[in-house]
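The values are calculated or read from the model by the stated rules, or taken from the named source; none is laboratory data. The shown structure was predicted, so the numbers you read here are calculated from the model rather than taken from an experiment. Glycine also receives a Cβ, built like all others from the backbone with ideal geometry; neighbour counts cover every protein chain displayed.
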Amino acid sequence: MSPETRQTSIQSPIQIERYFKRFSLRQRLEHLVLLLCVGVLLATGLPQKYRSMSWSLSLLSSPERLERLQTIHHIAAVGLTLLGLYLAIRTVVLLFQKKLSGDMLPVVQDLRDAGQMLRYLFFLTENKPKFGKYNFEQKFTYWFLFFSIGLMVVSGFLIWFPIFFTRLLPGGIIPAALHSHSTEAVVTGVFILIWHFYHVHIERLNLSVFSGKLSDTDMRSYHAREYERLVNEANLKGNEVSLDTGEKP
Amino acid sequence: MKIIKTYQPDLPAFLKIYLVLSISLVALGLIVAPAQAQETEGFCLNCHGKTDLQMTLPSGEVLPLNISNDQLKISVHSSNGIECEACHTEIKSYPHPALSDEIQTRRDLARSLYQACKKCHSQNYTKTMDSMHAQAAVSGNQNSPICTDCHGVHDVTDPDQPRARVSTTCSQCHAQIFEQYKDSVHGAALLTENNPDVPVCTDCHGVHNIQDPRTPQFRAATPELCATCHANAQLMEKYGINPNVARLYNLSWHGVEVSFYKSEFPTIWHENAVCTDCHGVHHILKADNPASSVNPANLLVTCQKCHPGAGPNWTGAWTGHNETSPTRTPFAFYTEAFYSSFVPVVLWASIIYVALQIIRATVNRVRRSLS
C-alpha cells in the first residue's frame with residue numbers, strides 16, 4: 001500500500017505532478033466488471049423493452065437473435081449477481097475482522113457539504129465545500145447504484161424464474177417485478193448518463209477508477225479535506241509523504 | 001351409348017313432336033316477348049316434375065332428375081325470373097346432349113355444373129378460389145365444398161336467414177366443431193334466441209375466402225379478430241362485458257409478445273397466449289361459468305398448459321383484463337405508483353443539479369477570463 005509518488009523536491013524548477021493512490025487493483029477490477037456487466041445488460045435489455053422501435057428491430061431481426069440476446073442478458077446478469085455476492089461476502093468478512101473502511105458511508109458532513117454545494121451553485125457563497133476522500137455526489141452515485149442494482153437483480157431473477165418464485169411468494173409480485181425491472185433499468189441508465197457521466201467525464205475527466213491514481217491538483221481541488229488530512233498525517237509521522245488509499249492493509 | 005340411353009327416357013313419338021314444337025314456340029316467344037317469365041321452367045318441369053325421373057351415372061350412382069316445384073318456388077332465382085337455362089347452359093334442346101366422359105360420379109357432375117354460378121356471382125366465385133376449401137379441392141379432396149353445397153341447388157335462398165342457418169350450414173361438414181360451438185356463449189345465444197350480435201362461423205372465418213385458421217398469421221391476428229366486437233364499448237355495454245379487455249391484453253406480457261411477432265415475424269409460429277388459448281376456440285364460455293377454462297377454479301389448469309409446474313399462486317401473476325388496483329393487484333399497483341413519481345424525480349433532480357453545476361462552472365470561467 002505504498003503511495004505512488006513522483007514528487008522529489010519542492011525546490012525543483014520543474015513542476016512534477018504528484019499522484020495519490022486512490023483505488024487498489026482489486027477495486028479497479030471490480031469497477032471494470034461492474035461496468036461491463038451493466039453495459040451488456042443495458043445493451044441487451046433496452047432493445048427488449050423498446051422492441052417495437054426501429055433501432056431495436058435492427059438488432060432483433062429474427063426470433064433466434066432475440067433468444068440469443070436474452071441468453072447474453074442472462075449471462076451478464078449472472079456475472080453481476082456474482083459480483084454483488086462477492087462484494088457482500090467480502091463486506092461481511094471485513095466487518096467481522098473490523099477492517100471495513102467507512103469511507104463510503106454517508107455521514108452528517110455529507111449533508112453539510114450538500115447544503116454548501118447548493119449555496120455555491122445558487123451564487124450564495126464563493127467557496128466550494130472541501131470534500132473528503134469520497135464526496136457526497138460520489139457517495140450518492142454509489143448508494144443509488146447499490147439499491148438500483150439490488151432491485152434489478154431481485155426483480156430480474158423473479159421474472160427469469162417466475163414459476164419457481166411463485167411457489168413461495170404471491171403471484172402478484174411477478175407483474176410488479178416486471179414493471180420494476182423495466183422501469184428501474186431506464187432510471188438507472190438515465191442516472192448514469194446524466195449524473196455519473198457529468199461528474200467523471202465533463203466536469204473533469206476523472207479516470208482514477210481505471211488508473212487507480214489521482215493527481216495532486218485534482219486532490220487539492222476536489223478532495224481538499226482528504227488532501228489536508230493526508231498531508232497532516234504525513235507531517236505528524238515526519239514522512240515526506242505517506243498517502244494511504246483509505247483502505248486498511 | 002349407355003349414357004345417352006339412360007339420359008333420354010323413352011317417350012312416345014307424339015310427345016317428342018310436341019316437345020320440339022313447344023321448344024320452338026318458347027324460343028319464338030322469348031324473341032317476341034323476352035320479359036315473359038317462368039316459361040322454360042314450366043316446360044322443363046313437364047319432364048323433371050316427374051318423381052320417378054332418374055338416370056344412372058357411369059359410376060353406377062343413380063341421379064334423380066326430379067325437381068320439386070316447391071323447392072323452385074322458394075328459390076331466389078326462380079322467383080326473380082332466373083330460370084333453368086340460366087344455369088344449365090349446356091342444355092339447349094331435347095334430346096339433351098350427352099354428359100362429358102369426365103363426369104363419372106354425382107360429385108363430378110356437381111363440380112362441373114356449379115361453374116355456372118360464376119356467370120353472375122363472379123366476385124364471390126373468385127373469392128372462393130383463394131379459400132382453404134379451394135386449396136383442399138386442388139390437393140384432391142373432391143368433397144371440399146362448392147357453391148351449391150352451402151347455398152343449395154334449386155332451392156337457393158338467403159344464406160343467413162335466420163343467422164343460425166350459417167352455422168348449421170357449416171355443421172354439415174364441421175359437425176364436431178358445431179357440437180362445441182352450439183353450447184358456447186356465442187352459439188347458445190345464436191341458436192336459442194337468434195341473437196344478432198354473437199358471431200356465426202363466417203364472422204370470424206370469413207365468408208367466401210375462408211382461410212386456414214391454423215397459420216401463424218391467423219393466430220397472431222386473433223386478438224384483433226376478437227376485438228372487433230370485444231373492443232366495441234356500445235356492444236359490450238349491452239352484455240355487461242368490460243370493453244377494455246383487448247386494450248389491456250395488448251399491454252400484458254402475452255399481448256406485447258404477440259403484437260411483436262405479428263408485426264415482425266408474421267409467418268413464424270409463436271407460443272404466447274392469444275385469446276383462444278385461454279378462453280377456448282369454439283366452446284368459449286362466460287368466465288363465471290364453472291365449466292369455463294378461465295373460471296377462477298379452472299384458471300391454474302389453463303395456465304399450466306403453457307406453464308407446466310406453476311403452483312397455486314401463479315394465477316395471481318395474471319393481472320387479468322383489469323387495470324392494476326390497490327385491492328386486486330396491490331404489488332403491481334404500488335410499484336407503478338412508486339415509479340410514476342420516482343422516475344420524474346430522479347430525472348429532473350439529475351438534470352437540474354447538473355445544469356446548475358454547468359452554469360456555475362461557466363460563470364466562473366467567464367469571470368476568470370474577464371478579471
The number of residues in segment B:221-257 that are farther than 19 Å from B:Asp197 by Cβ, of a type in the set (A, V, I, L, M, F, W, C) and modelled with pLDDT of 90 or more is 2
Q.
Scan segment B:330-348 and tell me whether some residue there is outside any helix (DSSP H, G or I), farther than 30 Å from A:Gly115 by Cβ, within 11 Å of chain A (Cβ to nearest Cβ) and out of contact with any His (no Cβ under 8 Å at 6 or more places or on another chain).
A. no
Flagged in segment B:300-313 as within 11 Å of another protein chain (Cβ to nearest Cβ), under 35 Å from the mean Cα position of the chain (by Cα) and in a helix (DSSP H, G or I), in numbering order, are B:Leu300, B:Cys303, B:Gln304
Within segment B:61-100, the residues that are assigned to a helix (DSSP H, G or I), free of Cβ contacts under 8 Å to residues at least 60 places away in the same chain and not polar (S, T, N, Q) are B:Asp70, B:Lys73, B:Cys84, B:Glu85, B:Ala86, B:Cys87
Apart from one, (1) under 28 Å from B:Ser167 (Cα atoms); (2) touching a residue at least 24 places away in the same chain (Cβ under 8 Å) all hold for B:Ile103; the odd one out is (1)
request  = Return a yes/no flag: does segment A:218-241 have any residue that is away from every other protein chain (no Cβ under 14 Å), surrounded by 14 or more Cβ atoms within 10 Å (Cβ to Cβ), in a loop (DSSP other than H, G, I, E, B) and at pLDDT below 85.
outcome  = yes
Scanning segment A:136-158 residue by residue, those under 19 Å from B:His307 (Cα atoms) and either surrounded by fewer than 19 Cβ atoms within 10 Å (Cβ to Cβ) or touching a Phe, Trp or Tyr at 6+ places or on another chain (Cβ under 9 Å) (or both) turn out to be A:Phe157, A:Leu158
The condition from (1) more than 7 Å from chain B (Cβ to nearest Cβ); (2) out of contact with any Pro (no Cβ under 9 Å at 6 or more places or on another chain) that A:Ala177 misses is numbered (2)
In segment B:314-329, anything farther than 20 Å from B:Arg247 by Cβ, among the polar types (S, T, N, Q) and facing chain A (nearest Cβ under 7 Å) is listed as B:Thr315
Selection from segment B:343-371 of residues under 27 Å from A:Glu184 (Cβ atoms) and either surrounded by 15 or more Cβ atoms within 10 Å (Cβ to Cβ) or of a type in the set (Gly, Ala, Ser) (or both) yields B:Val343, B:Val346, B:Leu347, B:Ala349, B:Ser350, B:Tyr353, B:Val354, B:Ala355, B:Leu356, B:Gln357
Margin query: Criterion first (away from every other protein chain (no Cβ under 14 Å) and in a helix (DSSP H, G or I)) does A:Asp103 satisfy it?
Written below: no
(Q) Yes or no: segment B:274-288 includes at least one residue that is part of a helix (DSSP H, G or I) and in contact (Cβ under 8 Å) with a residue 40 or more places away in the chain. (A) yes
In segment A:23-80, anything in a helix (DSSP H, G or I), away from every other protein chain (no Cβ under 14 Å), out of contact with any Phe, Trp or Tyr (no Cβ under 9 Å at 6 or more places or on another chain) and among the small types (Gly, Ala, Ser) is listed as A:Gly39, A:Ala43, A:Gly45, A:Ala76, A:Gly79
Note on B:Ile268: of the conditions (1) in a loop (DSSP other than H, G, I, E, B); (2) under 30 Å from B:Asp130 (Cβ atoms); (3) hydrophobic (A, V, I, L, M, F, W, C); (4) more than 14 Å from chain A (Cβ to nearest Cβ), unmet is (4)
